[in-house]
Structures are given as C-alpha cells and as structure tokens.
Amino acid sequence: MGWSFFASFFDRSKREEEYVLFNRDDHMRVAHTPAEIRRQLNTLRNHKTIAFVPTMGCLHKGHMSLIKEAKALADIVVVSIYVNPLQFGPSEDMEQYPRPFERDAQLCAEAGVDFLFHPTSLYPKSGPKITLKATGLSDCLCGADRPGHFDGVVTVVNILFNIVQPNFAVFGEKDWQQLAIIRRMVSDQYLPIEIIGAEIIRETGGLAMSSRNRYLNERDRQQALSLSRALIAMQELASTGEKDIERLKIRAFEILDIADITPQYLDIRHATSLKRTRKLTAHNNRVFIAAQVGSARLIDNMPLTIPLLETTP
Ligand code: AMP
C-alpha cells in the first residue's frame with residue numbers, strides 16, 4: 001500500500017473528522033475543541049473507563065508504549081496533541097517544534113486510540129490569567145534550567161484533565177521530574193485520577209526516544225549515545241557496591257568527556273522527593289542527566305541499585 005493511498009485517505013478522513021482503518025471496523029474520532037471532546041466523551045463516561053495520554057505530538061515508539069499501556073488500563077483511550085506555549089521559554093524551540101499531525105493521527109488510529117484531541121488553543125487570546133505554580137519538586141534539574149517550564153506543564157495538564165476527566169493518565173518515565181510533579185499535583189489538588197508511569201523506550205544503542213532526536217545529525221547522534229552510556233556505566237559501578245556519589249559521577253564524566261559532552265546537570269537524587277543524595281541508599285536512587293547536543297536539549301534518567309548484600313547491616 002503506497003503513500004498515495006494514505007494521502008487520499010487522509011483527505012477523506014480529515015473531512016469526516018474520523019480516521020477509519022483499512023480493513024477494520026475501528027475508527028478514531030478527532031476533536032479540535034474542548035466542547036467537542038467533552039460532548040464525545042460525556043455519553044460514554046458513565047459506563048466506560050477512560051485512560052488519557054497527553055502528548056505534544058511528533059509521535060514515536062515511546063508515545064506508542066504509553067498508548068499500549070492506556071489500552072490495557074481502560075475501555076477508552078484518549079490521546080491529546082498540543083504544543084503548549086506556556087511550557088516553552090522565550091529562547092526555546094516552540095516555533096520549530098515538529099507538528100506532523102497527519103502522520104500522528106494515522107499512528108494513533110493504527111494503535112487503536114479511540115479519541116484524538118487536537119486543540120488549536122487552550123488559552124484565551126489575551127493569555128491565561130489563572131495558572132498553577134509548581135514549587136519544591138520543580139526547583140531542581142530541568143526546573144532550574146528552564147524557569148517556569150513546570151508551571152506551564154501543570155497548568156496545561158490540569159486544563160487537559162478538566163476537559164477529558166480521565167480515570168487514568170499515562171506519562172513516560174523519560175520525563176521523570178514531570179511525572180513526579182504531576183503525581184504531586186494530583187495528590188495536592190485531590191484529583192480523582194490515577195497516574196501511571198511507563199518505562200523509557202530507547203533506540204538501538206540506548207538513546208532515549210524523543211521528538212527532539214530528529215534535530216540530531218549523525219555526529220550529534222554519536223555524541224548523544226554517551227548520555228545513556230554514562231548512566232549505564234554508573235549503574236554497573238553501583239552494582240559492584242560503589243555508593244560514593246563523586247566516584248559514580250567521575251565514571252560518568254569519563255564517558256561524557258570522550259564524547260565532548262558537558263551536561264547541564266548530572267545528579268543523583270531520591271526518586272520521589274528528588275532530594276540530592278550524599279551516598280547511595282538501599283532504595284530509590286536515581287541518576288538524572290540533561291545535555292545540549294547540537295540543537296537538541298536531551299534528558300535521560302535511570303535507577304541506581306546497590307547489591308542487596310551491601311544494604312544489610
Ligand atoms: P511529549 O510529547 O514529549 O510531551 O511526551 C508525551 C509523553 O510521552 C510524556 O509523558 C513523555 O514522558 C512520554 N515519552 C516521551 N518519550 C518517551 C520515551 N522515550 N519513552 C517513554 N515515554 C516517553
């Protein structure tokens with residue numbers, strides 16, 4: 001089946017606001033306004049459970065794994081695609097952020113998504129006057145490098161939650177800090193939504209999949225591989241019983257230096273409080289990294305576990 005088939009298919013399905021899969025009865029409905037998606041879901045929510053996957057589009061296998069998780073959790077899967085202006089800083093890649101909507105819609109339809117919410121805007125023209133603010137968990141890591149970023153994230157996720165009103169929402173562990181902040185938002189705001197974390201999906205070679213990987217040229221890509229390699233090297237060292245944070249970091253820097261990468265941060269923290277650790281503890285150690293590689297800002301994280309023997313007194 002050639003591209004021309006899909007192209008003509010898209011023309012038709014776009015008009016119908018529905019993506020119907022070839023040879024299948026399934027169909028995915030597309031909504032462009034909050035009122036539309038609410039209307040579509042309202043008749044269903046009394047007798048069906050809803051799992052929600054918020055994204056900014058340019059979907060890859062990482063997003064697809066969240067959708068798979070969502071399908072296993074609930075009767076209905078809703079995916080949103082919205083590039084949220086509130087979470088981008090003035091010098092960030094908001095304008096050039098890739099928006100291949102037709103391709104994304106097809107991927108969602110193939111993955112069995114029931115509703116795709118693709119709003120043009122979620123804020124009044126004059127900008128939102130009431131927003132949420134994330135504090136504490138958002139002061140470190142990406143929050144320190146991207147002031148206001150997590151305020152934008154919690155504000156838009158809260159709006160999306162209000163619109164979709166899901167039973168479950170699935171977020172990737174790739175954005176571990178975001179996941180921790182959203183869990184805290186749901187708890188602080190008493191939202192009746194269960195947050196599910198889904199594991200990081202990686203390219204062959206270990207690079208965490210990201211919509212921003214498409215900014216990488218061949219040289220950048222080689223450099224980018226050093227991020228996951230450095231974290232794996234730390235995992236290996238931790239598995240020998242090394243608890244000293246500085247020695248673990250030195251191991252990572254050996255690998256990053258060879259690739260000529262200076263990370264924005266390389267930090268070992270408690271997985272849920274995100275507080276810095278002085279020494280690896282029995283549980284919940286996580287290493288976080290962010291680095292600018294070419295024109296892409298990349299992030300990654302992994303658990304660090306010391307052998308059980310080392311943790312017994
Ligand atoms: P984004 O479109 O980048 O805002 O991401 C939407 C969701 O997909 C977030 O919950 C991300 O954490 C998740 N995600 C992005 N990349 C990956 C990945 N490689 N593995 C797992 N989840 C991911």
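Throughout, read-outs are computed from the coordinates displayed, never taken from laboratory work. Here the structure is a predicted model, which means the values were calculated and not measured. A quick note on method: Cβ atoms are made from the backbone with ideal geometry, for glycine too, and the neighbour counts reach across all protein chains shown.
Before moving on, here are some points about what is shown:
- Exposure proxy order (Cβ contacts within 10 Å, fewest to most) of 30, 293, 83: 83, 30, 293
- At 1.002 mPa s and 20 °C, Stokes diffusion of the chain via Kirkwood alpha-carbon radius, µm² per second: 102
- Amide H contacts under 5 Å for residue 198, placed H, 5+ residues apart: 171, 172, 173
- Segment 211-311 - charge dipole about Cα centre, Lys and Arg +1 at Cβ, Asp and Glu -1, debye rounded to 20: 400
- Put the Cα centre of segment 57-135 next to the Cα centre of segment 176-247 and the gap is 20 Å.
- Considering only beta bridges that DSSP places wholly inside the chain, some 50 percent are antiparallel.
- Around the amide H of residue 209, modelled in the peptide plane, lie the amide H atoms of 201, 202, 203, all under 5 Å away and 5 or more residues distant in sequence or on another chain.
- Stokes-Einstein diffusion coefficient of segment 130-179, Kirkwood radius over Cα pairs, 20 °C, 1.002 mPa s, in µm²/s: 184
- Across all directions, the shadow cast by the convex hull of segment 187-240 built on its C-alpha atoms averages 6.3 square nanometres.
- Neighbour counts of C-beta atoms inside 10 Å place 185, 64 in the sequence 64, 185, starting with the fewest.
- Here the chain is scanned for chymotrypsin sites (Phe, Trp or Tyr not before Pro) in DSSP loops (not H, G, I, E, B) that have at most 14 other Cβ atoms within 10 Å, and the longest stretch holding none of them is 23-189.
- Here's the picture: charge each Lys and Arg Cβ at +1 and each Asp and Glu Cβ at -1 in segment 196-242, and of 232, 197, 213 the one pushed furthest to the positive end of that dipole is 213.
- Net charge of Cβ neighbours under 13 Å - reference residue 99; Lys, Arg +1; Asp, Glu -1: -2
- Each Lys and Arg Cβ is given +1 and each Asp and Glu Cβ -1; about its Cα centre, the chain then shows a dipole of about 520 debye.
- Two-site label geometry, residue 97 and residue 162: point separation in nm, points 7 Å out along Cα→Cβ: 1.9
- Set of lysines near residue 279 by C-alpha distance (under 17 Å), chain-local residues within fewer than 8 positions excluded: 243, 249
- Per-residue Karplus couplings for segment 112-121, computed as 6.51 cos²θ - 1.76 cosθ + 1.60 with θ equal to phi - 60°, are listed in order as x, 5, 8, 9, 10, 9, 10, x, 6, 8 Hz, Gly and Pro entered as x.
- Put in line by how crowded their Cβ is, counting other Cβ atoms within 10 Å and starting with the fewest, 154, 186, 79 read 186, 154, 79.
- Calculated from backbone phi, Karplus (6.51, -1.76, 1.60) coupling profile of segment 88-98 in Hz, x at Gly/Pro: 9, x, x, 9, 8, 8, 3, 5, 8, 4, x
- Pairs over the 26 Å Cα-Cα cut-off, from the set 129/174; 68/275; 71/174; 133/174; 68/129; 129/275: 129/174; 68/275; 68/129; 129/275.
- Reciprocal of mean inverse Cα separation for segment 256-300 (Kirkwood radius, Å): 11.7
- When you filter the trypsin sites (Lys or Arg not before Pro) in segment 257-310 for DSSP loop state and at most 13 other Cβ atoms inside 10 Å of their Cβ, you are left with 275, 278.
- ³J(HN,Hα) computed for each position of segment 262-277 - Karplus, 6.51 cos²θ - 1.76 cosθ + 1.60, integer Hz, glycine/proline x: 10, x, 5, 8, 9, 9, 9, 9, 5, 4, 9, 7, 6, 6, 5, 9
- At R0 = 30 Å, FRET efficiency that the Cβ-Cβ distance of residue 139 and residue 110 yields, to 0.05: 0.15
- Each stretch of four or more DSSP H residues adds -39500 (n - 2.57); spread over every residue of the chain, this sum gives -12000 deg cm²/dmol at 222 nm.
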